[in-house]
Amino acid sequence: MLKDLFAKKRKYATIPSDRMKQEVPEGLMTKCPECKSIMTTKELNKAHKVCVSCDHHFRMTAQERIQLIIDQGTFREINQDMKTENPLDFPDYLDRIDKDRAKTGMNEAVMTGHGEVEGNPIVFAVMDAHFRMGSMGSVVGEKITRAIEAATEERKPFIIFTASGGARMQEGILSLMQMAKTSVALRRHHEAGLLFISVMTHPTTGGVSASFASVGDYNFAEPKALIGFAGRRIIEQTIRQELPEDFQTAEFLLKHGQLDAVVHRKKMKATLANVLDIHKGGEE
Amino acid sequence: MVGELEFERPAKELRDKIAELKSFMDEKGIDLSDEVERLEERLAKVEKEVYGKMTPWDRVQVARHPERPTTLDYISMLFTDFLELHGDRLYGDDEAIVGGIAKFHGKPVTVIGHQRGKDTKENLRRNFGMPHPEGYRKALRLMKQAEKFNRPVVCLLDTKGAYPGMSAEERGQSEAIARNLVEMAGLTVPLVCIIIGEGASGGALAIGVGNHVHMLENSWYSVISPEGAAALLWKDSGQAKRAADTMKITAPDLNEMGIIDKMIPEVEGGAHRDVKKQAEYIEEALQKSLDELSEMSEEELVAHRYEKYKKIGQYTFENDSIGVK
């Protein structure tokens, strides 16, 4: 009788969904997907979304990134009124865009604007993987291009935080051409002798990795960020062998000479400020 | 002729029949020339019909035809005094990209192209025309060399994509492609790019940021292969045909969209049916491009490339119904 009270009467096994696994318990508490430890969300946010026990870097929204990197009150957004089109008439494409606009509060997968880092004026672009996996179509390419142009025009450093699955399939060749467009703009910025810093965050792959993300005067990345050209699954199918666990991580890239440094999130702003300061030319 | 394609079958059947009749005539000494003539007329009509309404997927098949002429085939017909140059001076020589110096109508040029094989053995050597980073870095080395000696660069694009492998990632496939894009943007000599077969994604674009970009009529150029697009969009690579229809990857489509400068016509049925004639069509387009671009100063060439790519994209603004294209 009493035993019955404690007996498990569950008829069905509950299989938590991926989302539940990651975010349970929602709201007040957050579970780290890496070490599975549970911390208060407040605690996590205070640590700039870095797990307090294992240092796992959670994904950040563009707004959170701006708060972390840009001096308070200095960010001035540009081109937030640009709108996505549907050049290949893919059904549902614009509906999905609208959904992500509502979800993220952004007009597209990148936010661009002017701001300061410890008093150093820069032009800033930050991609957000919560919006269509940060994929690059016409608007993302154009916003980044205009940001680079603004930096060239005002003779300012350009800093981008990348997070992208690559080119956006739904815009076809136009997406591929954004790689060329951002490159011609970067070339002008480069010819003007100006500073470009690329910070790769999780994930930076495909056409974004194979264009502006990889050609900073300084290439930084966040710990453990996935960075690479081709997808892991495609490579495994091609070479028919298992890949090392750290394959295409920031640390893997560092080891193979593709990065200047892997920078912990809590040191990111200071690191950028350090580079910006050195580029001011020192004291008289 | 080997490698007849599915959509060509009506033409193939007639061609076979004509050949059969002709050999019968020779063998038996019977005059059937009236019949042959009649069939040949019909063949001309059927060919016009078959090749006149090719679907995007038909064109993809022609672009992949095992006998389709490759970069080296065209180099031997378009240029004289070609000398192949090897290696990136950093790691190795990637045979999926060939390049060298040559003369075009008597004037020095640098020519670079993706190179696939025509049989299994050659394909293994050339990695099926899928370059590693050292291939792109070789291409860049040759472009910078051309810039130093002030000669135009001609790039022939024909790849299923940059190689997706562990070695390529270790050596910086992304950086190699990205670097080429930025360097081509600033190149102070004329750069003419011609897509001669398959043009898949960043692996093609990595030698494709030209002042002029032309495409052979039956080549394709896309952000991803039709199979890859189908796998990503509908989780089914079997729907490649549908992807080819939807993605606007053919020369006529991209010409209409203003992505390419010129569609170079192909010999009826595809370049492989008359390589010499095809080379003449390319030669004509190339001569025109080089004439036009040779008028420009270094600054003008760089600015021309800037304006060309700056324009590409489709978007609108809030409270603004006019699209920008």
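The values are calculated or read from the model by the stated rules, or taken from the named source; none is laboratory data. These figures come from a predicted structure and were not determined experimentally. Neighbour counts run over all protein chains shown; Cβ positions are idealised from the backbone, glycine included. Side chains are part of the model used for accessible areas, which takes the heavy atoms of the whole protein and leaves out ligands, DNA and RNA. Shrake-Rupley method; radii C 1.70, N 1.55, O 1.52, S 1.80 Å.
With a 1.4 Å probe and all protein chains left in place, how much accessible area per residue does the protein assembly as shown have, in Å²?
46
Select from region B:75-174 those chymotrypsin sites (Phe, Trp or Tyr not before Pro) which occupy a DSSP coil region and have at most 13 other Cβ atoms within 10 Å, ordered by residue number.
Sparse-neighbourhood loop chymotrypsin sites (Phe, Trp or Tyr not before Pro): B:PHE149.
What percent does the relative contact order of region A:95-152 come to when contacts are Cα pairs within less than 8 Å and at least six residues apart?
It rounds to 34 percent for region A:95-152.
With the solvent-accessible surface defined on protein heavy atoms using a 1.4 Å probe, which residues belonging to region A:248-263 display a reduction of at least 30 Å² in accessible area in the multichain context relative to the isolated chain?
Correct list: A:PHE252, A:HIS256, A:GLN258.
Buried accessible area between B and A (1.4 Å probe, both chains summed, ligands and nucleic acids excluded), in Å² to the nearest 100?
Rounded to the nearest hundred, the buried surface is 4800 Å².
Could you give the dipole magnitude of region A:194-284 about its Cα centre, charging the beta-carbon of Lys and Arg +1 and that of Asp and Glu -1, in debye to the nearest 20?
The calculation lands at about 320 debye.
Which pairs break 20 Å Cα to Cα here: A:LYS99/A:LYS269; B:LYS121/B:LYS160; B:LYS118/B:LYS160; A:LYS42/A:LYS266; B:LYS48/B:LYS288; A:LYS31/A:LYS99?
Beyond 20 Å between Cα atoms: A:LYS99/A:LYS269; B:LYS48/B:LYS288; A:LYS31/A:LYS99.
Tell me, what ³J(HN,Hα) does each residue in region B:21-26 have, in order and in whole Hz, if you take phi through Karplus 6.51 cos²θ - 1.76 cosθ + 1.60 with θ = phi - 60° and put x for Gly and Pro?
4, 4, 6, 4, 4, 4
Quick one: net charge around B:ASP81, please, counting Lys, Arg +1 and Asp, Glu -1 for every other residue with C-beta under 15 Å from its C-beta.
Numbers: positive: B:LYS103, B:LYS107, B:ARG151; negative: B:GLU84.
Charge balance in the 15 Å sphere: +2.
If you place +1 on the Cβ of every Lys and Arg and -1 on the Cβ of every Asp and Glu, how big does the dipole about the Cα centre of region A:119-230 come out, in debye to the nearest 20?
Values: 10 positive and 9 negative charges, 21 e Å.
With only Lys, Arg, Asp and Glu charged at Cβ, the dipole is about 100 debye.
Which of the trypsin sites (Lys or Arg not before Pro) found in region B:222-254 are loop residues per DSSP with 12 or fewer other Cβ atoms within 10 Å of their Cβ?
On the way: sites: B:LYS235, B:LYS241, B:ARG242, B:LYS248; in loops: B:LYS235, B:LYS248.
Within region B:222-254, the qualifying trypsin sites (Lys or Arg not before Pro) (loop, at most 12 other Cβ atoms within 10 Å) are B:LYS235.
Grab the beta carbon distance between A:ILE38 and A:LEU243, set R0 = 41 Å, and tell me the FRET efficiency rounded to 0.05. Provide the component values of the computation, followed by the final result.
Details: r = 31 Å, r/R0 = 0.75.
The value I calculate is 0.85.
Of the beta bridges DSSP finds with both residues in region B:39-198, what % are antiparallel, to the nearest 5?
Numbers: 11 of 20 bridges.
Taking every DSSP beta bridge with both residues in region B:39-198, the antiparallel ones total about 55 percent.
Name the most mobile residue of A:THR84, A:THR30, A:THR238, meaning the one with the largest mean-square fluctuation, in a Gaussian network model of chain A with Cα contacts below 10 Å.
Of the options given, A:THR238 has the highest mean-square fluctuation.
Helix A:93-104: angle to the longest alpha-carbon principal axis of chain A, degrees 0 to 90, nearest 10?
Approximately 80 degrees, to the nearest ten.
Explain nothing, just compute: Karplus ³J(HN,Hα) = 6.51 cos²θ - 1.76 cosθ + 1.60, θ = phi - 60°, for every residue of region A:45-60 in order, whole Hz, x for Gly and Pro.
Running phi through 6.51 cos²θ - 1.76 cosθ + 1.60 with θ = phi - 60° gives 5, 5, 8, 6, 6, 10, 4, 6, 9, 10, 6, 4, 8, 5, 5, 10 Hz.
When you look at the Cβ of every residue in A:232-238, what mean number of other chain Cβ atoms sits within 10 Å?
That works out to 3 on average.
Sort out for me the Cα centre separation of region A:181-202 from region B:123-175, rounded to whole Å.
The distance from the Cα centre of region A:181-202 to that of region B:123-175 comes to 22 Å.
Of B:LYS144, B:LYS103, B:LYS288, which has the largest mean-square fluctuation in a 10 Å C-alpha GNM of chain B?
B:LYS288
What is the percent carbon and sulfur in the accessible area of region B:184-278, measuring with a 1.4 Å probe over the protein chains and ignoring ligands?
Carbon plus sulfur share of accessible area: 47 percent.
Using the basic label-point model (7 angstrom from Cα toward the beta carbon), what is the A:GLU153 to B:SER294 distance in nanometres?
It is 3.9 nm.
Label points 7 Å out from Cα along the Cβ direction at A:LEU68 and B:ASN150: separation in nm?
5.1
Students often check this: by mean Cβ neighbours within 10 Å, which of B:42-52, B:158-168, A:249-259 ranks highest, and how do the rest follow? Walk me through the numbers before you get to the answer.
Values: B:42-52: 14.6, B:158-168: 23.1, A:249-259: 19.1.
So the peptides B:42-52, B:158-168, A:249-259, ranked by packing, come out B:158-168, A:249-259, B:42-52.
Report the relative contact order of chain A, percent, no decimals, based on alpha-carbon pairs under 8 angstrom and at least 6 residues apart.
On the way: 492 pairs, mean separation 35.8, N = 284.
The value is 13 percent.
Would you work out the relative contact order for region B:152-262, in percent, from Cα pairs under 8 angstrom that are 6 or more residues apart?
Values: 189 pairs, mean separation 28.0, N = 111.
So the answer I get is 25 percent.
How much FRET efficiency would the formula 1/(1 + (r/R0)^6) give for A:ALA192 and A:LEU94, where r is the Cβ-Cβ distance and R0 is 30 Å, rounded to 0.05?
On the way: r = 37 Å, r/R0 = 1.23.
Computed FRET efficiency for A:ALA192 and A:LEU94: 0.20.
Rounding to the nearest 10 and keeping the result within 0 to 90°, find how far the Cα-based axis of helix A:138-153 lies from the longest principal axis of chain A.
On a 0 to 90 degree scale, this one is about 40.
Using a 1.4 angstrom probe on heavy atoms only, work out the carbon and sulfur share of the accessible area of region B:1-151 in %.
52
Could you name the lysines in cross-link range of A:LYS267, using Cα to Cα under 16 Å and dropping any fewer than eight places away on the same chain?
Excluding near neighbours in sequence, the set is A:LYS46, A:LYS49, A:LYS224.
Please check: in the Gaussian network model of chain A (C-alpha springs, under 10 Å), which one of A:GLU236, A:GLU64, A:GLU222 has the largest mean-square fluctuation.
Highest fluctuation of the listed residues: A:GLU236.
About its Cα centre, how strong a charge dipole does the protein assembly as shown have in debye, to the nearest 20, once Lys and Arg get +1 and Asp and Glu get -1 at the Cβ?
Numbers: 84 positive and 95 negative charges, 512 e Å.
The dipole of the protein assembly as shown has a size of about 2460 debye.
Apply the Karplus parameterisation 6.51 cos²θ - 1.76 cosθ + 1.60, with θ equal to phi minus 60°, to every residue of region A:265-272 and state each ³J(HN,Hα) to the nearest whole Hz, in sequence, with x for glycine and proline.
Each residue's phi maps through the Karplus curve to give 4, 6, 9, 4, 4, 5, 5, 4 Hz.
For chain B, what is the calculated [θ] at 222 nm in deg cm²/dmol (nearest 500), taking -39500 (n - 2.57) for each run of four or more DSSP H residues and dividing by its residue count?
Numbers: 14 runs with 156 residues, N = 325.
That comes out to -14500 deg cm²/dmol.
How far, in degrees from 0 to 90, does helix B:275-294 lean away from the longest principal axis of the Cα atoms of chain B, to the nearest 10?
The answer is roughly 30 degrees.
Do the alpha carbons of any pairs in B:LYS144/B:LYS276; A:LYS280/B:LYS138; B:LYS248/B:LYS308 sit beyond 24 Å of each other, and which pairs?
Details: B:LYS144/B:LYS276 31 Å; A:LYS280/B:LYS138 35 Å; B:LYS248/B:LYS308 20 Å.
From B:LYS144/B:LYS276; A:LYS280/B:LYS138; B:LYS248/B:LYS308, over 24 Å: B:LYS144/B:LYS276; A:LYS280/B:LYS138.
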